[in-house]
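Heads up, the thing below is written out as C-alpha cells.
Throughout, read-outs are computed from the coordinates displayed, never taken from laboratory work. Being a predicted model, the structure only gives us computed values, none of them experimental. Ideal geometry is used to build each Cβ from the backbone, glycine not excepted, and the neighbour counts take in all protein chains shown.
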Amino acid sequence: MHDRRCRQRQVRYRNRMEGKQGFFYNLAEGLNTLTNNMEASVSDMQRILAAMSRGDLTQRIEKSYSGSLGQLKVDANKTIDKLTNVINRIRETASTVASSSREIVSGNQDLSFRTEAQASSLQTTAANMEQMTGTVKQSAENALITKNVSVEARSKAREGGTAVARTITAMEDISTASEEISEIIGVIDEIASRLTCWR
C-alpha cells in the first residue's frame, strides 16, 4: 500500500513535469529527486527496523544518499553495528559465565570428593592410632612382665650363686676332711704294722 502510494505520487510528479521549461522544470525535477530520495530512505529505514524487530541484525542501508539522508544512513548502520557488538559481547559473557559455572560445579564436586576422601583418611588414621595405642599398651604390659621376670631371674641367680658358693665351700670342707682321714688311716696302718711286728 505504501509503495503504491509512493509510485502514485511519483507519477503525479512526473506528470507535472510536462509542459515545464527552464527554472520551473529544474525546480520540479529537483523536488522529484528529493522526494524519491526521501521515500527511498524511509523505505530503507523501515526495512532495517523491521529486520531488527525480528532479531535480524544483518541488514544495512546500502544505497548512497547525500546530506542529512547520508548521515542518517551512516548513523543507522553504526547503530546496528554497535548493537551487534553488544549482543556478541553478551553472548561471550554468557558463555564465560556458563563455563565458569560448570568449573565451579566441577570444583565443588572435586572438593566434596576430596573432603570425603580426607574424612575417610582421618577415620583410617584414627583406627590406626587406636590400634597403635592398644599395641603400645600391650607392649608396656609385656615390658612390665619382662621386668618382673628379670627381677625374679636376678633373685634366682643370686640364690643360685649363694648355693654354688655353699657347694664349693662344702666340697672344700670334704676335701680337707678327706686329707685328714687319709692321714688318720696312715697312722692306723703304721700302728697296725708295728703291732704285727711285735707279735
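The table below lists the values:
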quantity	calculated
In the chain, lysine pairs closer than 18 Å at Cα, eight or more apart or cross-chain	5
Positive dipole terminus of the chain, leading residue within 107, 174, 41 (C-beta point charges)	41
Charged-residue dipole, Cβ positions (Lys, Arg, Asp, Glu), the chain about Cα centre, Debye nearest 20	3540
Residue 33 paired with residue 52, simple spin-label distance in nm, labels 7 Å along Cα-to-beta-carbon	3.0
Computed E for residue 103/residue 136 - FRET, C-beta separation, R0 35 angstrom, nearest 0.05	0.15
Selection from 136, 188, 150 lying farthest towards where the dipole of the stretch 134-199 points positive, charges on Cβ	136
Dipole magnitude of the stretch 79-147 about its Cα centre (Cβ charges: Lys, Arg +1; Asp, Glu -1), debye to nearest 20	120
The stretch 115-156: radius of gyration over Cα atoms, expressed as a fraction of 2.2 N^0.38 Å	1.97
